[in-house]
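To start, the structure itself, in C-alpha coordinates.
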Amino acid sequence: MSEERQASDIAALAKGGRTNFIGFLLRLVARMPFLFISGRLYGAEALGRFAFALVVVELAAQLCTLGQKRGLAQKLAAESAHPANDVADALLLGGVLAVIVSLVLYAFPQAIFPGGNITALDRLVVLSIMPSTLTEIALAALAYRFDIKTTVRARAVVEPWTLSAMAGLFYVIDKYALLGPDKDPGVYDAKASGLLIAFTLSIIAAALAALWPLFKSYGTPKNWRPNPRRIGSIAIANLPLAVADAVEWGTRRFDIFILRFFAGDAAVGIYYVAQQIASLPQKLKTSFEPILGPVIARNLRDKNFAAIAKQVCQVGFWITAMQAGIALAIGITGEGWMGLVGPRFVYGNGGLVFLLIAEVLAATAVVSEAALIYVARMQNLAVSLITLAVQAIATVGLMLLIDRLGYDDMYRAAMAGAGLMIALGTASLIKSRLLARILGQSINNWRWPLIWAAVPAALIGWASARYLPEWAELAFGAPATLAIYGLIIWHWGFGPEDRMLFRKSALPDLGPDADDED
(Lines give C-alpha, C1' and ligand atoms only; values in the text may rest on other atoms or scores of the structure.)
Protein backbone atom coordinates (compact mmCIF):
# COMPACT_ATOMS: atom_id res chain seq x y z
CA MET A 1 0.00 0.00 0.00
CA SER A 2 1.42 3.42 -0.96
CA GLU A 3 1.88 6.36 1.39
CA GLU A 4 -0.82 8.12 -0.63
CA ARG A 5 -3.29 5.35 0.23
CA GLN A 6 -2.33 5.51 3.92
CA ALA A 7 -2.94 9.26 3.88
CA SER A 8 -6.28 8.61 2.21
CA ASP A 9 -7.26 6.21 4.99
CA ILE A 10 -6.36 8.77 7.66
CA ALA A 11 -8.38 11.36 5.71
CA ALA A 12 -11.33 8.97 5.59
CA LEU A 13 -11.12 8.40 9.33
CA ALA A 14 -10.89 12.13 9.95
CA LYS A 15 -13.86 12.91 7.73
CA GLY A 16 -15.98 10.19 9.30
CA GLY A 17 -15.05 11.31 12.80
CA ARG A 18 -15.64 14.96 11.92
CA THR A 19 -19.09 14.24 10.52
CA ASN A 20 -20.06 12.18 13.54
CA PHE A 21 -18.62 14.84 15.87
CA ILE A 22 -21.24 17.17 14.44
CA GLY A 23 -23.70 14.40 15.24
CA PHE A 24 -22.34 14.35 18.79
CA LEU A 25 -23.08 18.06 19.16
CA LEU A 26 -26.57 17.58 17.75
CA ARG A 27 -27.15 14.66 20.09
CA LEU A 28 -26.01 16.80 23.01
CA VAL A 29 -28.57 19.45 22.12
CA ALA A 30 -31.30 16.86 21.59
CA ARG A 31 -30.57 14.76 24.68
CA MET A 32 -31.04 17.51 27.24
CA PRO A 33 -34.77 18.12 26.51
CA PHE A 34 -35.52 14.43 27.07
CA LEU A 35 -33.59 14.31 30.34
CA PHE A 36 -35.32 17.51 31.47
CA ILE A 37 -38.78 16.22 30.52
CA SER A 38 -38.29 12.78 32.01
CA GLY A 39 -36.67 14.06 35.20
CA ARG A 40 -38.91 17.05 35.88
CA LEU A 41 -42.24 15.64 34.67
CA TYR A 42 -42.02 11.87 35.11
CA GLY A 43 -39.68 11.66 38.11
CA ALA A 44 -36.76 9.48 39.20
CA GLU A 45 -38.85 6.35 39.88
CA ALA A 46 -40.49 6.31 36.43
CA LEU A 47 -37.13 7.01 34.81
CA GLY A 48 -35.54 4.11 36.70
CA ARG A 49 -38.25 1.73 35.54
CA PHE A 50 -37.77 2.98 31.99
CA ALA A 51 -33.98 2.56 32.24
CA PHE A 52 -34.16 -1.09 33.32
CA ALA A 53 -36.64 -1.91 30.55
CA LEU A 54 -34.25 -0.33 28.05
CA VAL A 55 -31.42 -2.55 29.25
CA VAL A 56 -33.40 -5.67 28.36
CA VAL A 57 -34.85 -4.39 25.07
CA GLU A 58 -31.58 -2.95 23.78
CA LEU A 59 -29.71 -6.13 24.73
CA ALA A 60 -32.28 -8.12 22.75
CA ALA A 61 -31.78 -5.89 19.70
CA GLN A 62 -28.00 -6.12 20.10
CA LEU A 63 -28.13 -9.92 20.10
CA CYS A 64 -30.39 -9.93 17.03
CA THR A 65 -27.84 -8.00 14.96
CA LEU A 66 -25.62 -11.06 15.50
CA GLY A 67 -22.37 -9.15 15.11
CA GLN A 68 -23.29 -7.94 11.64
CA LYS A 69 -22.55 -4.30 12.40
CA ARG A 70 -18.89 -5.22 11.96
CA GLY A 71 -19.11 -8.59 10.24
CA LEU A 72 -20.94 -7.04 7.29
CA ALA A 73 -17.97 -4.75 6.56
CA GLN A 74 -15.69 -7.76 6.24
CA LYS A 75 -18.16 -9.52 3.95
CA LEU A 76 -18.57 -6.46 1.74
CA ALA A 77 -14.78 -6.10 1.57
CA ALA A 78 -14.73 -9.42 -0.26
CA GLU A 79 -16.18 -7.47 -3.21
CA SER A 80 -19.04 -9.76 -4.16
CA ALA A 81 -20.75 -9.14 -7.47
CA HIS A 82 -23.98 -8.02 -5.84
CA PRO A 83 -23.38 -6.29 -2.48
CA ALA A 84 -27.12 -5.63 -2.16
CA ASN A 85 -27.55 -9.40 -1.81
CA ASP A 86 -25.17 -9.47 1.16
CA VAL A 87 -27.11 -6.64 2.77
CA ALA A 88 -30.39 -8.47 2.14
CA ASP A 89 -29.03 -11.61 3.83
CA ALA A 90 -27.97 -9.56 6.84
CA LEU A 91 -31.35 -7.82 7.13
CA LEU A 92 -33.25 -11.09 6.78
CA LEU A 93 -31.17 -12.83 9.44
CA GLY A 94 -31.51 -9.92 11.86
CA GLY A 95 -35.22 -9.53 11.16
CA VAL A 96 -36.06 -13.19 11.77
CA LEU A 97 -34.14 -13.25 15.04
CA ALA A 98 -35.87 -10.02 16.12
CA VAL A 99 -39.32 -11.49 15.52
CA ILE A 100 -38.52 -14.58 17.59
CA VAL A 101 -37.04 -12.62 20.50
CA SER A 102 -39.89 -10.09 20.43
CA LEU A 103 -42.50 -12.83 20.71
CA VAL A 104 -40.68 -14.42 23.65
CA LEU A 105 -40.39 -11.13 25.56
CA TYR A 106 -44.01 -10.26 24.80
CA ALA A 107 -45.07 -13.58 26.30
CA PHE A 108 -42.84 -13.08 29.37
CA PRO A 109 -42.88 -9.32 30.13
CA GLN A 110 -41.58 -9.93 33.67
CA ALA A 111 -38.11 -10.13 32.12
CA ILE A 112 -38.48 -6.47 31.13
CA PHE A 113 -40.48 -5.28 34.16
CA PRO A 114 -39.39 -7.27 37.22
CA GLY A 115 -41.22 -4.83 39.49
CA GLY A 116 -44.61 -5.74 38.05
CA ASN A 117 -47.49 -3.29 37.38
CA ILE A 118 -47.28 -4.06 33.67
CA THR A 119 -49.78 -2.24 31.44
CA ALA A 120 -50.93 -3.46 28.03
CA LEU A 121 -49.02 -0.69 26.29
CA ASP A 122 -45.87 -1.44 28.28
CA ARG A 123 -45.65 -4.81 26.57
CA LEU A 124 -45.59 -3.14 23.15
CA VAL A 125 -42.05 -1.91 23.81
CA VAL A 126 -40.92 -5.16 22.15
CA LEU A 127 -41.99 -3.57 18.85
CA SER A 128 -38.78 -1.56 19.03
CA ILE A 129 -36.54 -4.63 18.76
CA MET A 130 -36.89 -5.27 15.02
CA PRO A 131 -36.50 -1.66 13.81
CA SER A 132 -33.53 -1.21 16.13
CA THR A 133 -31.88 -4.34 14.71
CA LEU A 134 -32.49 -3.34 11.09
CA THR A 135 -31.25 0.19 11.76
CA GLU A 136 -27.91 -1.05 13.12
CA ILE A 137 -27.37 -3.29 10.09
CA ALA A 138 -28.43 -0.58 7.62
CA LEU A 139 -26.11 2.01 9.15
CA ALA A 140 -23.21 -0.48 9.10
CA ALA A 141 -23.76 -1.10 5.39
CA LEU A 142 -23.90 2.62 4.66
CA ALA A 143 -20.78 3.27 6.74
CA TYR A 144 -18.89 0.82 4.53
CA ARG A 145 -19.52 3.26 1.70
CA PHE A 146 -18.47 6.13 3.95
CA ASP A 147 -22.01 7.42 4.35
CA ILE A 148 -21.84 8.72 7.92
CA LYS A 149 -24.38 11.49 7.42
CA THR A 150 -27.22 9.00 7.58
CA THR A 151 -25.98 7.77 10.96
CA VAL A 152 -25.91 11.36 12.21
CA ARG A 153 -29.37 12.05 10.83
CA ALA A 154 -30.95 8.88 12.25
CA ARG A 155 -29.17 8.69 15.62
CA ALA A 156 -28.50 12.34 16.45
CA VAL A 157 -31.53 14.09 14.98
CA VAL A 158 -34.51 11.85 14.24
CA GLU A 159 -34.28 9.45 17.21
CA PRO A 160 -33.55 11.85 20.13
CA TRP A 161 -35.91 14.60 19.00
CA THR A 162 -38.73 12.14 18.40
CA LEU A 163 -38.08 10.69 21.87
CA SER A 164 -38.23 14.12 23.52
CA ALA A 165 -41.30 15.24 21.59
CA MET A 166 -43.25 12.05 22.23
CA ALA A 167 -42.32 11.95 25.93
CA GLY A 168 -43.69 15.47 26.34
CA LEU A 169 -46.78 14.70 24.26
CA PHE A 170 -47.79 11.63 26.25
CA TYR A 171 -47.33 13.48 29.53
CA VAL A 172 -49.64 16.25 28.25
CA ILE A 173 -52.16 13.66 27.08
CA ASP A 174 -52.34 12.19 30.56
CA LYS A 175 -52.14 15.55 32.35
CA TYR A 176 -55.15 16.98 30.59
CA ALA A 177 -57.04 13.67 30.50
CA LEU A 178 -57.26 13.66 26.72
CA LEU A 179 -57.75 9.90 26.89
CA GLY A 180 -60.91 10.42 28.92
CA PRO A 181 -61.61 10.36 32.66
CA ASP A 182 -62.44 6.68 32.63
CA LYS A 183 -59.22 5.50 30.98
CA ASP A 184 -58.09 2.11 32.23
CA PRO A 185 -54.74 2.33 34.11
CA GLY A 186 -54.18 -1.29 33.19
CA VAL A 187 -53.91 -0.19 29.56
CA TYR A 188 -52.09 3.13 29.87
CA ASP A 189 -50.55 5.12 32.66
CA ALA A 190 -48.31 8.11 32.03
CA LYS A 191 -45.79 7.26 34.72
CA ALA A 192 -45.53 3.65 33.57
CA SER A 193 -46.03 3.81 29.82
CA GLY A 194 -45.34 7.28 28.45
CA LEU A 195 -41.55 7.05 28.25
CA LEU A 196 -41.65 3.53 26.79
CA ILE A 197 -44.13 4.45 24.06
CA ALA A 198 -42.01 7.48 23.20
CA PHE A 199 -38.92 5.28 23.00
CA THR A 200 -40.61 2.78 20.67
CA LEU A 201 -41.80 5.52 18.31
CA SER A 202 -38.34 7.11 18.25
CA ILE A 203 -36.73 3.79 17.27
CA ILE A 204 -39.25 3.28 14.46
CA ALA A 205 -38.61 6.81 13.19
CA ALA A 206 -34.83 6.21 13.21
CA ALA A 207 -35.30 2.98 11.27
CA LEU A 208 -37.21 4.79 8.53
CA ALA A 209 -34.45 7.40 8.37
CA ALA A 210 -31.84 4.67 7.89
CA LEU A 211 -33.56 2.17 5.60
CA TRP A 212 -34.52 4.60 2.85
CA PRO A 213 -30.91 5.80 2.27
CA LEU A 214 -29.82 2.14 2.37
CA PHE A 215 -32.22 1.34 -0.47
CA LYS A 216 -31.02 4.35 -2.49
CA SER A 217 -27.35 3.41 -1.96
CA TYR A 218 -27.45 -0.35 -2.59
CA GLY A 219 -30.60 -0.76 -4.63
CA THR A 220 -32.56 -3.99 -4.77
CA PRO A 221 -30.96 -7.46 -4.61
CA LYS A 222 -30.29 -9.22 -7.93
CA ASN A 223 -31.33 -12.84 -8.44
CA TRP A 224 -31.59 -13.18 -4.65
CA ARG A 225 -33.67 -15.70 -2.78
CA PRO A 226 -33.69 -16.55 0.92
CA ASN A 227 -31.53 -19.59 1.49
CA PRO A 228 -31.62 -21.13 4.99
CA ARG A 229 -28.23 -22.81 4.53
CA ARG A 230 -26.56 -19.59 3.40
CA ILE A 231 -28.20 -17.55 6.16
CA GLY A 232 -27.24 -20.21 8.70
CA SER A 233 -23.58 -20.11 7.64
CA ILE A 234 -23.57 -16.32 8.12
CA ALA A 235 -25.02 -16.76 11.60
CA ILE A 236 -22.40 -19.32 12.59
CA ALA A 237 -19.53 -17.22 11.19
CA ASN A 238 -20.72 -14.16 13.10
CA LEU A 239 -21.29 -15.85 16.46
CA PRO A 240 -17.92 -14.76 17.97
CA LEU A 241 -18.61 -11.19 16.84
CA ALA A 242 -22.14 -11.35 18.21
CA VAL A 243 -21.00 -12.47 21.65
CA ALA A 244 -18.19 -9.90 21.68
CA ASP A 245 -20.63 -7.14 20.73
CA ALA A 246 -23.09 -8.27 23.38
CA VAL A 247 -20.38 -8.40 26.04
CA GLU A 248 -18.98 -4.99 25.07
CA TRP A 249 -22.50 -3.55 25.08
CA GLY A 250 -23.20 -5.34 28.34
CA THR A 251 -20.38 -3.52 30.11
CA ARG A 252 -22.29 -0.31 29.32
CA ARG A 253 -25.54 -1.57 30.81
CA PHE A 254 -24.50 -4.20 33.34
CA ASP A 255 -24.08 -1.49 35.95
CA ILE A 256 -27.78 -0.61 35.76
CA PHE A 257 -28.72 -4.30 35.86
CA ILE A 258 -26.69 -4.90 39.04
CA LEU A 259 -27.75 -1.62 40.65
CA ARG A 260 -31.41 -2.53 40.26
CA PHE A 261 -30.92 -5.49 42.64
CA PHE A 262 -29.19 -3.35 45.28
CA ALA A 263 -31.21 -0.13 45.05
CA GLY A 264 -34.69 1.08 44.16
CA ASP A 265 -36.09 2.60 40.96
CA ALA A 266 -35.28 6.15 42.10
CA ALA A 267 -31.55 5.43 42.46
CA VAL A 268 -31.56 3.67 39.10
CA GLY A 269 -33.29 6.67 37.51
CA ILE A 270 -30.78 9.14 38.95
CA TYR A 271 -27.86 6.94 37.89
CA TYR A 272 -29.40 6.64 34.41
CA VAL A 273 -29.30 10.42 34.03
CA ALA A 274 -25.63 10.42 35.07
CA GLN A 275 -25.00 7.65 32.56
CA GLN A 276 -26.71 9.59 29.77
CA ILE A 277 -24.67 12.71 30.46
CA ALA A 278 -21.45 10.68 30.71
CA SER A 279 -22.29 8.79 27.52
CA LEU A 280 -22.13 12.01 25.52
CA PRO A 281 -18.32 11.78 25.27
CA GLN A 282 -18.78 8.04 24.66
CA LYS A 283 -20.44 9.00 21.37
CA LEU A 284 -17.07 10.31 20.27
CA LYS A 285 -15.79 6.73 20.29
CA THR A 286 -18.74 5.50 18.28
CA SER A 287 -18.15 8.41 15.89
CA PHE A 288 -15.12 6.57 14.52
CA GLU A 289 -16.32 2.97 14.76
CA PRO A 290 -18.38 2.91 11.52
CA ILE A 291 -15.49 4.24 9.44
CA LEU A 292 -12.61 2.52 11.29
CA GLY A 293 -13.96 -0.97 10.63
CA PRO A 294 -14.00 -0.71 6.79
CA VAL A 295 -10.54 0.92 6.73
CA ILE A 296 -9.06 -1.85 8.89
CA ALA A 297 -10.79 -4.52 6.79
CA ARG A 298 -9.13 -3.18 3.64
CA ASN A 299 -5.69 -3.02 5.24
CA LEU A 300 -6.07 -6.57 6.50
CA ARG A 301 -6.80 -7.63 2.97
CA ASP A 302 -3.46 -6.06 2.01
CA LYS A 303 -1.74 -7.48 5.14
CA ASN A 304 -0.56 -3.98 6.03
CA PHE A 305 -0.28 -4.37 9.81
CA ALA A 306 1.82 -1.22 10.25
CA ALA A 307 -0.96 0.88 8.74
CA ILE A 308 -3.53 -0.72 11.05
CA ALA A 309 -1.41 0.05 14.11
CA LYS A 310 -0.94 3.64 12.96
CA GLN A 311 -4.67 4.11 12.38
CA VAL A 312 -5.59 2.56 15.74
CA CYS A 313 -3.14 4.83 17.58
CA GLN A 314 -4.24 7.87 15.60
CA VAL A 315 -7.94 7.40 16.26
CA GLY A 316 -7.23 6.36 19.85
CA PHE A 317 -5.46 9.66 20.52
CA TRP A 318 -8.24 11.66 18.86
CA ILE A 319 -10.84 9.98 21.03
CA THR A 320 -8.82 10.23 24.25
CA ALA A 321 -7.97 13.89 23.69
CA MET A 322 -11.54 14.96 22.96
CA GLN A 323 -13.09 12.83 25.69
CA ALA A 324 -10.67 14.05 28.35
CA GLY A 325 -11.54 17.67 27.61
CA ILE A 326 -15.27 17.05 27.68
CA ALA A 327 -14.96 14.91 30.83
CA LEU A 328 -13.16 17.77 32.60
CA ALA A 329 -15.74 20.34 31.50
CA ILE A 330 -18.71 18.18 32.52
CA GLY A 331 -17.22 16.45 35.56
CA ILE A 332 -16.00 19.51 37.47
CA THR A 333 -19.36 21.23 36.96
CA GLY A 334 -21.30 17.97 37.32
CA GLU A 335 -23.66 19.07 40.09
CA GLY A 336 -24.92 21.87 37.89
CA TRP A 337 -25.58 19.57 34.94
CA MET A 338 -27.35 16.99 37.09
CA GLY A 339 -29.37 19.74 38.78
CA LEU A 340 -30.82 20.79 35.43
CA VAL A 341 -32.80 17.55 35.40
CA GLY A 342 -34.11 18.14 38.92
CA PRO A 343 -32.86 18.95 42.43
CA ARG A 344 -33.02 15.28 43.42
CA PHE A 345 -30.63 14.29 40.65
CA VAL A 346 -27.72 16.30 42.09
CA TYR A 347 -27.01 13.31 44.33
CA GLY A 348 -25.90 11.37 41.26
CA ASN A 349 -22.79 13.54 40.76
CA GLY A 350 -20.45 10.93 42.27
CA GLY A 351 -21.57 8.32 39.76
CA LEU A 352 -21.19 10.88 36.96
CA VAL A 353 -17.53 11.53 37.83
CA PHE A 354 -16.67 7.81 37.85
CA LEU A 355 -18.48 7.29 34.55
CA LEU A 356 -16.64 10.14 32.86
CA ILE A 357 -13.28 8.75 33.96
CA ALA A 358 -14.36 5.32 32.70
CA GLU A 359 -15.07 6.73 29.24
CA VAL A 360 -11.57 8.21 28.98
CA LEU A 361 -9.98 4.93 30.07
CA ALA A 362 -12.10 2.94 27.60
CA ALA A 363 -10.80 4.68 24.46
CA THR A 364 -7.81 2.35 24.00
CA ALA A 365 -9.98 -0.76 24.39
CA VAL A 366 -12.48 0.43 21.80
CA VAL A 367 -9.98 1.18 19.04
CA SER A 368 -7.97 -1.96 19.80
CA GLU A 369 -11.10 -4.08 19.59
CA ALA A 370 -11.90 -2.56 16.17
CA ALA A 371 -8.86 -4.49 14.87
CA LEU A 372 -8.99 -7.50 17.20
CA ILE A 373 -12.41 -8.58 15.94
CA TYR A 374 -10.78 -9.24 12.57
CA VAL A 375 -7.42 -10.70 13.61
CA ALA A 376 -8.21 -12.46 16.91
CA ARG A 377 -11.95 -12.90 17.35
CA MET A 378 -11.87 -15.60 19.98
CA GLN A 379 -9.10 -13.98 22.02
CA ASN A 380 -10.96 -10.68 21.92
CA LEU A 381 -14.09 -12.47 23.07
CA ALA A 382 -12.20 -14.05 25.96
CA VAL A 383 -10.88 -10.66 27.08
CA SER A 384 -14.38 -9.18 26.80
CA LEU A 385 -15.75 -11.92 29.02
CA ILE A 386 -12.96 -11.28 31.52
CA THR A 387 -13.89 -7.59 31.46
CA LEU A 388 -17.51 -8.39 32.24
CA ALA A 389 -16.44 -10.65 35.10
CA VAL A 390 -14.16 -7.93 36.50
CA GLN A 391 -17.04 -5.48 36.33
CA ALA A 392 -19.42 -7.84 38.12
CA ILE A 393 -16.92 -8.64 40.89
CA ALA A 394 -15.85 -5.02 41.36
CA THR A 395 -19.39 -3.62 41.32
CA VAL A 396 -20.92 -6.20 43.64
CA GLY A 397 -17.91 -6.02 45.97
CA LEU A 398 -18.10 -2.23 46.20
CA MET A 399 -21.84 -2.30 46.83
CA LEU A 400 -21.46 -4.88 49.60
CA LEU A 401 -18.81 -2.62 51.11
CA ILE A 402 -21.24 0.32 50.95
CA ASP A 403 -23.89 -1.82 52.65
CA ARG A 404 -21.46 -2.75 55.42
CA LEU A 405 -20.56 0.91 55.95
CA GLY A 406 -24.25 1.82 56.15
CA TYR A 407 -24.46 4.29 53.27
CA ASP A 408 -27.61 4.86 51.17
CA ASP A 409 -28.66 4.14 47.57
CA MET A 410 -26.83 7.14 46.08
CA TYR A 411 -23.50 5.73 47.25
CA ARG A 412 -24.46 2.39 45.69
CA ALA A 413 -25.11 4.21 42.42
CA ALA A 414 -21.65 5.81 42.59
CA MET A 415 -20.09 2.39 43.14
CA ALA A 416 -21.79 1.13 39.97
CA GLY A 417 -19.83 3.78 38.08
CA ALA A 418 -16.63 2.88 39.92
CA GLY A 419 -17.03 -0.78 38.97
CA LEU A 420 -17.39 0.18 35.31
CA MET A 421 -14.29 2.39 35.54
CA ILE A 422 -12.19 -0.50 36.89
CA ALA A 423 -13.47 -2.90 34.23
CA LEU A 424 -12.89 -0.60 31.26
CA GLY A 425 -9.42 0.34 32.45
CA THR A 426 -8.55 -3.35 32.67
CA ALA A 427 -9.94 -3.99 29.18
CA SER A 428 -7.87 -1.18 27.65
CA LEU A 429 -4.66 -2.51 29.15
CA ILE A 430 -5.19 -6.11 28.05
CA LYS A 431 -6.60 -5.44 24.57
CA SER A 432 -3.91 -2.96 23.58
CA ARG A 433 -1.16 -5.38 24.65
CA LEU A 434 -2.84 -8.24 22.78
CA LEU A 435 -3.18 -6.25 19.56
CA ALA A 436 0.43 -5.02 19.79
CA ARG A 437 1.65 -8.62 20.07
CA ILE A 438 -0.43 -9.82 17.11
CA LEU A 439 0.49 -6.94 14.78
CA GLY A 440 4.08 -6.74 15.93
CA GLN A 441 3.61 -2.99 16.33
CA SER A 442 3.38 -0.65 19.30
CA ILE A 443 -0.17 0.35 20.32
CA ASN A 444 -0.18 3.46 22.47
CA ASN A 445 -2.47 6.49 22.23
CA TRP A 446 -0.91 8.32 25.20
CA ARG A 447 0.82 11.67 24.74
CA TRP A 448 2.13 13.94 27.50
CA PRO A 449 0.32 17.06 26.21
CA LEU A 450 -2.86 15.46 27.60
CA ILE A 451 -1.51 16.26 31.09
CA TRP A 452 -0.25 19.70 30.06
CA ALA A 453 -3.76 20.57 28.85
CA ALA A 454 -5.67 18.91 31.70
CA VAL A 455 -3.97 20.71 34.61
CA PRO A 456 -4.78 24.35 33.70
CA ALA A 457 -8.22 23.32 32.42
CA ALA A 458 -8.98 21.61 35.74
CA LEU A 459 -7.91 24.75 37.63
CA ILE A 460 -10.24 26.90 35.54
CA GLY A 461 -13.10 24.45 36.12
CA TRP A 462 -12.45 24.27 39.86
CA ALA A 463 -12.40 28.06 40.18
CA SER A 464 -15.67 28.43 38.27
CA ALA A 465 -17.37 25.73 40.37
CA ARG A 466 -16.17 27.35 43.61
CA TYR A 467 -16.68 31.04 42.95
CA LEU A 468 -19.42 31.37 40.29
CA PRO A 469 -23.17 30.90 40.73
CA GLU A 470 -24.53 27.73 39.14
CA TRP A 471 -25.89 29.41 36.00
CA ALA A 472 -22.56 31.15 35.35
CA GLU A 473 -20.67 27.95 36.13
CA LEU A 474 -22.51 26.16 33.33
CA ALA A 475 -22.71 29.09 30.91
CA PHE A 476 -19.11 30.29 31.26
CA GLY A 477 -17.08 27.94 33.50
CA ALA A 478 -17.60 24.73 31.53
CA PRO A 479 -16.94 26.35 28.11
CA ALA A 480 -13.84 28.10 29.49
CA THR A 481 -12.53 24.78 30.84
CA LEU A 482 -13.00 23.16 27.45
CA ALA A 483 -11.54 26.15 25.59
CA ILE A 484 -8.25 26.30 27.54
CA TYR A 485 -7.87 22.53 27.22
CA GLY A 486 -8.52 22.61 23.48
CA LEU A 487 -6.12 25.51 22.94
CA ILE A 488 -3.23 23.70 24.60
CA ILE A 489 -3.95 20.37 22.88
CA TRP A 490 -4.18 22.08 19.50
CA HIS A 491 -0.83 23.85 19.78
CA TRP A 492 1.25 21.28 21.69
CA GLY A 493 -0.57 17.96 21.30
CA PHE A 494 -1.76 17.84 17.69
CA GLY A 495 0.50 17.20 14.72
CA PRO A 496 -0.37 17.67 11.02
CA GLU A 497 -2.29 14.39 10.78
CA ASP A 498 -4.23 15.18 13.96
CA ARG A 499 -5.33 18.55 12.61
CA MET A 500 -6.81 16.74 9.61
CA LEU A 501 -9.71 15.89 11.91
CA PHE A 502 -10.78 19.53 11.85
CA ARG A 503 -9.89 20.32 8.25
CA LYS A 504 -12.38 20.01 5.44
CA SER A 505 -10.62 18.56 2.44
CA ALA A 506 -11.47 16.55 -0.60
CA LEU A 507 -11.66 12.92 0.34
CA PRO A 508 -10.29 10.46 -2.22
CA ASP A 509 -12.59 7.82 -3.58
CA LEU A 510 -12.24 4.94 -1.16
CA GLY A 511 -15.27 2.99 -2.23
CA PRO A 512 -15.27 -0.77 -2.03
CA ASP A 513 -14.11 -1.04 -5.63
CA ALA A 514 -11.20 1.36 -5.28
CA ASP A 515 -7.97 0.06 -6.73
CA ASP A 516 -5.06 -0.66 -4.42
CA GLU A 517 -1.59 0.55 -5.16
CA ASP A 518 1.47 -1.44 -4.22
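The values are calculated or read from the model by the stated rules, or taken from the named source; none is laboratory data. Note that this is a predicted model, so its numbers are computed, not measured. Cβ: placed from backbone, ideal geometry, glycine included. Neighbour counts: every protein chain shown. Surface accessibility is based on the protein's heavy atoms, side chains included, excluding ligands, DNA and RNA. Shrake-Rupley method; radii C 1.70, N 1.55, O 1.52, S 1.80 Å.
Just checking, does segment 490-502 include any residue being at pLDDT 90 or above and surrounded by 14 or more Cβ atoms within 10 Å (Cβ to Cβ)? Looking for residues that are at pLDDT 90 or above and surrounded by 14 or more Cβ atoms within 10 Å (Cβ to Cβ), one finds none in segment 490-502, hence no. Can you find a residue that is small (G, A, S) and at pLDDT 90 or above anywhere in segment 181-197? No: zero hits. Within segment 435-449, if we keep just the residues that are modelled with pLDDT of 90 or more and out of contact with any helix residue (DSSP H, G or I) (no Cβ under 6 Å at 6 or more places or on another chain), the residue that is least open to solvent (accessible area, probe 1.4 Å) turns out to be A436. Candidates A235, A244: the one that is among the aliphatic types (A, V, I, L, M), assigned to a helix (DSSP H, G or I) and either without any contact (Cβ under 8 Å) to a residue 40 or more places away in the chain or open to solvent by 10 Å² or more (accessible area, probe 1.4 Å) (or both) is A235.
Taking first residues from segment 205-227 that are farther than 26 Å from A165 by Cβ and touching a residue at least 40 places away in the same chain (Cβ under 8 Å) and partners that are surrounded by 15 or more Cβ atoms within 10 Å (Cβ to Cβ) and of a type in the set (D, E, K, R), the Cβ contacts under 7 Å between residues at least 6 apart in sequence or on separate chains come to S217/R145; S217/D147. Against the list (1) at pLDDT below 75; (2) open to solvent by less than 10 Å² (accessible area, probe 1.4 Å); (3) over 30 Å from F113 (Cβ atoms), the condition P290 fails is (2). Within the bounds of segment 139-158, is there any residue that is within 17 Å of the chain's Cα centre (by Cα), part of a loop (DSSP other than H, G, I, E, B), buried (at least 20 other Cβ atoms within 10 Å of the Cβ) and not hydroxyl-bearing (S, T, Y)? The answer is yes; a qualifying residue exists. Scanning segment 89-123 for residues that are part of a helix (DSSP H, G or I), small (G, A, S) and over 25 Å from the mean Cα position of the chain (by Cα) gives a single hit, A107.
Scanning segment 335-346 for residues being assigned to a helix (DSSP H, G or I) and either without any contact (Cβ under 8 Å) to a residue 40 or more places away in the chain or surrounded by fewer than 23 Cβ atoms within 10 Å (Cβ to Cβ) (or both) gives a total of 6.
Within segment 250-259, restricting attention to residues that are out of contact with any Gly (no Cβ under 8 Å at 6 or more places or on another chain) and of a type in the set (D, E, K, R), the residue that is least open to solvent (accessible area, probe 1.4 Å) is R252.
Condition check: open to solvent by 50 Å² or more (accessible area, probe 1.4 Å), modelled with pLDDT under 85 and out of contact with any strand residue (DSSP E or B) (no Cβ under 8 Å at 6 or more places or on another chain). Does F354 satisfy that? Answer is no for this residue. Taking the criterion of being open to solvent by less than 70 Å² (accessible area, probe 1.4 Å) and touching a residue at least 60 places away in the same chain (Cβ under 8 Å), the residues of segment 450-476 that qualify are L450, A453, A454, A457, A458, G461, S464, A465, E473, L474.
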